[in-house]
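Report on the structure given below.
The values are calculated or read from the model by the stated rules, or taken from the named source; none is laboratory data. These numbers were taken from a predicted model, which means no experiment stands behind them. Reconstructed Cβ throughout: ideal geometry from the backbone, glycine too, with neighbour counts over all protein chains shown.
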Amino acid sequence: MKLTMVGTGYVGLVTGVCFANTGNDVTCLDIDPAKVERLRRGECPIYEPGLTELLAKNIRGGRLRFSTEPGPAHRDAEMIFICVGTPSDERGHTDLRAIHAAADAVADVLKGLGPGQPPKTIVVKSTVPVGTTHEVGQRISRRAGPGIPFYMANNPEFLKEGDAIRDFQYPDRVVCGVESEPSRRQFETVYEPFLRTGKPLICVDIRSSEMVKYAANNFLATKISFINEMANLCEAYGADIDAVRRGMCSDRRIGDQFLHPGLGYGGSCFPKDTQACIMMGEKSGTRASLSQSVHEVNQRQRDLFFNKILRHADARGGLKGKRLAFWGLAFKPRTDDVRESPALTLVRKALGYGVECRGYDPVAAANASDEIGPALTICDDMYAACEGADGIVVSTDWDDFKTPDFARLKGILRDPVIFDGRNLYRPERMRELGFSHYSVGRASVT
């Protein structure tokens, strides 16, 4: 099939590359000429394991091309996937300007083609508030004029950063919001190569499709906030969250995914989608109380963990003038994404107390530096970040940090203390090695 992806961000690029890899003719459209030129050279603008190799392979195969011109990109496309960014403000209100610009560009091309053309399917793949896909269809109809045929559809993405290629190629399910039989058949065709393991293509109405993405992400965010709340209760009453988690997660009704205590969720999806549910509740008069609590618990988790750093420092003359090493700057491992990263929240708090902050991350260092600026010293080695430091803050659970050379660390740290925001190390082991150790939901070693 001839497909066009509008937007070469995380969703548009992964989707376009994976569709091209199964033999489709894919054009990826973007308004940034410099980015398009990089992509034409096979240079991937984001870090995602396996993406660069598939990108280069499909460019060489002639199945994947990049353009800044909507006319050629849309003219021959059978399906047009709108994959542009939909950021939200601190209250959860979604910025739809990029969606509207993409819709207007599609409408202008459809108007130029005139009536009588085979209807194209316009797919909103970006995460949007419920009702947006219909609004986009109405906007295209008004701008293109009467008699211009097209179908509207919705197709939410469920890609985990760091595992996006595998998630796309081996999905748990594919959800499509459709209102026409031709669109449903197109989805069946384009996704057939990815569903041969028997996983379902779930076709629902458009509004339900839009809501599926929010419901899924909000539920996973709820699990994270729940286990962190339980961890805080464990600390208060002397229980161990690791033991509690083992006992709880052995229940088949509960399972163990997304039930790991730590610094809370971050990234581009969970914070935005949880707040979007809160916003939709406010607009509809249906208060999303649980979503509001999930968000508040998540934000408070970072404060509670930073208070452990403060208390340790207060017993040693305070934080001002101290040096902290931050291991991990991305919001999770296997990505360079620092949006809503708990690590950067902790860095900013530390900087506010006059701390010298040094950071190391295998792939996200440049993005973190762009976000924080020169106040954060970026180191190219995890041990170099710890030279003369008054403690290590483990803020992202990269594999690199799981079995460090503790003897070496003890020799280069000014104060042998680890603030273990991802529960990577056993407290009893830290006590044996002579470290002070603070984690989440477990007894501290002081």
Looking at GLY247, GLY264, which one is under 20 Å from GLY421 (Cβ atoms) and not assigned by TED's automatic domain parsing to the domain that holds LYS120?
-> GLY264
Go through the residues of the stretch 162-177 one by one and say whether even a single one is farther than 17 Å from PHE81 by Cα, among the β-branched types (Val, Ile, Thr) and either surrounded by fewer than 19 Cβ atoms within 10 Å (Cβ to Cβ) or in contact with a helix residue (DSSP H, G or I) (Cβ under 8 Å, 6 or more places away or on another chain) (or both).
-> yes
For the stretch 229-244, indicate whether the set of residues that are surrounded by 13 or more Cβ atoms within 10 Å (Cβ to Cβ), outside any loop (DSSP other than H, G, I, E, B) and in contact with a Leu (Cβ under 8 Å, 6 or more places away or on another chain) is non-empty.
-> yes
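Residue-wise test of (1) surrounded by 21 or more Cβ atoms within 10 Å (Cβ to Cβ); (2) touching a strand residue (DSSP E or B) at 6+ places or on another chain (Cβ under 6 Å); (3) of a type in the set (A, V, I, L, M); (4) touching a residue at least 40 places away in the same chain (Cβ under 8 Å).
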{"site": "SER341", "(1), (2), (3), (4)": "yes, no, no, yes"}
{"site": "GLY354", "(1), (2), (3), (4)": "no, no, no, no"}
{"site": "ASP361", "(1), (2), (3), (4)": "yes, no, no, no"}
{"site": "ILE372", "(1), (2), (3), (4)": "no, no, yes, no"}
{"site": "ASP390", "(1), (2), (3), (4)": "yes, yes, no, yes"}
{"site": "ARG408", "(1), (2), (3), (4)": "no, no, no, no"}
{"site": "ILE412", "(1), (2), (3), (4)": "no, no, yes, no"}
{"site": "VAL417", "(1), (2), (3), (4)": "yes, yes, yes, yes"}
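Residue by residue, here is whether (1) more than 16 Å from ALA350 (Cα to Cα); (2) hydrophobic (A, V, I, L, M, F, W, C); (3) at pLDDT 95 or above; (4) not assigned by TED's automatic domain parsing to the domain that holds ARG316 holds:
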| position | (1), (2), (3), (4) |
| --- | --- |
| GLY373 | no, no, yes, no |
| TYR383 | yes, no, yes, no |
| CYS386 | no, yes, yes, no |
| ARG429 | yes, no, yes, no |
| VAL445 | yes, yes, yes, yes |
Of all residues making up the stretch 297-316, the number that are in a helix (DSSP H, G or I) and more than 29 Å from the chain's Cα centre (by Cα) | 5
Counting only residues in the stretch 9-41 that are in a helix (DSSP H, G or I), under 19 Å from ARG63 (Cβ atoms) and among the small types (Gly, Ala, Ser), the one farthest from the chain's Cα centre (by Cα) is identified as ALA20
How many residues are free of Cβ contacts under 8 Å to residues at least 40 places away in the same chain, farther than 20 Å from CYS277 by Cβ, not basic (Lys, Arg) and not in a strand (DSSP E or B) if we restrict to the stretch 187-210?
-> 8
Evaluate the following for SER268: is it in contact with an Asp or Glu (Cβ under 9 Å, 6 or more places away or on another chain) and assigned to a loop (DSSP other than H, G, I, E, B)?
-> yes
Candidates LYS223, LYS213 - the one that is in contact (Cβ under 8 Å) with a residue 12 or more places away in the chain, basic (Lys, Arg) and touching a Cys at 6+ places or on another chain (Cβ under 9 Å) = LYS213
Scanning the stretch 303-331 residue by residue, the ones that are crowded, with 21+ Cβ neighbours inside 10 Å, of a type in the set (D, E, K, R) and either without any contact (Cβ under 8 Å) to a residue 24 or more places away in the chain or over 19 Å from CYS386 (Cβ atoms) (or both) total 0
Within 30 Å of PRO118 (Cα to Cα) and at pLDDT 95 or above: does that describe LEU54?
-> no
